[in-house]
Amino acid sequence: MKKLLINSVLLVFLTGCAGIERLAIPNPTLIDEELVGSGMSGEPDHGVWDRFLKTYLREDTEGPARVAYAQVSAQDRAGLDQYIAALSSLDASQWNRDAQLAYWANLYNAKTVSVILEYYPVDSIRQIKDGLLDLGPWNDKRLTVNGRSLSLHNIEHGIVRPLWAETPEIHYILNCAAVGCPTLVNYAYDADNIAAALQTNAQTFINSDRGITVDERGRLVLSKIYLWYLDDFGGSRSALVEHLLEYASGATRKKIADGRSPVRYAYDWSLNEAGKR
C-alpha cells in the first residue's frame, strides 16, 4: 500500500510538471498585424551566422549537433551580437515568406546562442531565470526588432507559429539550446534553403531517439514537443501519427505502425554543449 501511494504521488508530480511546462507555452497569437506581409524578393546577409555555425557546431553521430560554447572567441561573440543587432533593425515583412521565415528562425537561434554565451557556463538554458517559478529566459524582452520589444517567446508564439500555422515543421527549425530540441544545422537558413530544411529537419528529428524511441518495456516514447504542441500537429493522436508517418522511415516507422500507445513523453533539457553527454 505504501509503495502504491508513493507511485501515485510520483505520477501526480510528474503529470503536474508536464502541465506546468505546457501552461508556460503561450497560444499562437500574432502580436502585430503589421508583421503580415509578402513582399518582393531579397533578404539580409546571414553570412556571420553561417560562419559561426560552421566554426562552432560539432556533429555528433549519436545525437544532436552541439555547440562548442567554451571555444567561442571574443571576436566571434561580438560579431554574433552585431549580426543580431543588424537583423533587429530590419522589417521582415518586406520580403517573401521564405525569406521571412529564414529571418525569424535565424534570429531566434542566434539570440538563443547569444543568451547561453552571456551566462556561460550553465548546464541548462532553464538555469537562466529570475525566480523559482521562472522556467527560463524565454519571456525576457531581450530584443528590439524594428522598434518592437520582443522576447524569444514573442518570436516563436507571437510571430512564427501564427504566421506559419499551416506548417507544423516550423518546430524543427527553432533550437532552444537543449539536447532534446530539434538540432541546429551547420548553415544559416535563407530563402533558397528554408523549404528543404523544414522537410530535412523533420525527417532527422523524427527518426532520432530524441523524437521517437522505445522504453525498456518495448513501448513508444515521444518527444514532449508532441505533447506541448499537439494542436500544431493536428490536435489529435491520429493527426499526430499521420504527421510522424510522413517522415518516419525504417525502424522508426515500424515503431509507430505497431500502434503502441506512448507511455510517456520525454525531453532532455541539458545544454547542447560539445564535449558533454
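The values are calculated or read from the model by the stated rules, or taken from the named source; none is laboratory data. Please read these numbers as outputs of a predicted model, since none were measured by experiment. Quick reminder, even Gly has a Cβ in these numbers, built from the backbone with ideal geometry, and neighbours come from all protein chains shown. For accessibility, only protein heavy atoms count, side chains too; no ligands or nucleic acids. Shrake-Rupley method; radii C 1.70, N 1.55, O 1.52, S 1.80 Å.
Tabulated values for the structure
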quantity: Highest to lowest packing among 177-190, 101-114, 246-259, scored as the average C-beta count within 10 Å; calculated: 101-114, 177-190, 246-259
quantity: Cβ crowding within 10 Å averaged over residues, with 231-243, 136-148 ranked highest first; calculated: 136-148, 231-243
quantity: Rounded tilt (10° steps) of 194-206 against the dominant C-alpha axis of the chain; calculated: 20 degrees
quantity: Between helix 47-56 and the chain: long-axis angle, C-alpha atoms, 0 to 90°, nearest 10; calculated: 40 degrees
quantity: Estimated FRET transfer efficiency (residue 76, residue 166; beta-carbon r; R0 41 Å; 0.05); calculated: 0.65
quantity: Net lengthening on full extension, residue 140/residue 118 (0.36 nm per residue, minus Cα-Cα); calculated: 6.5 nm
quantity: 0 to 90° range, to nearest 10: angle between helix 74-88 axis and the chain longest Cα axis; calculated: 80 degrees
quantity: Amide H contacts of residue 67 (H built 1.01 Å from N, under 5 Å, at least 5 apart or other chain); calculated: 58, 273, 274
quantity: Rg ratio (alpha-carbon, reference 2.2 N^0.38 Å) - the chain; calculated: 1.02
quantity: Whole-number accessible area per residue in Å² for the chain, which is evaluated in the context of all protein chains at 1.4 Å; calculated: 49 Å²
quantity: Carbon/sulfur fraction of accessible area - segment 35-183, other protein chains in place, 1.4 Å, %; calculated: 49 percent
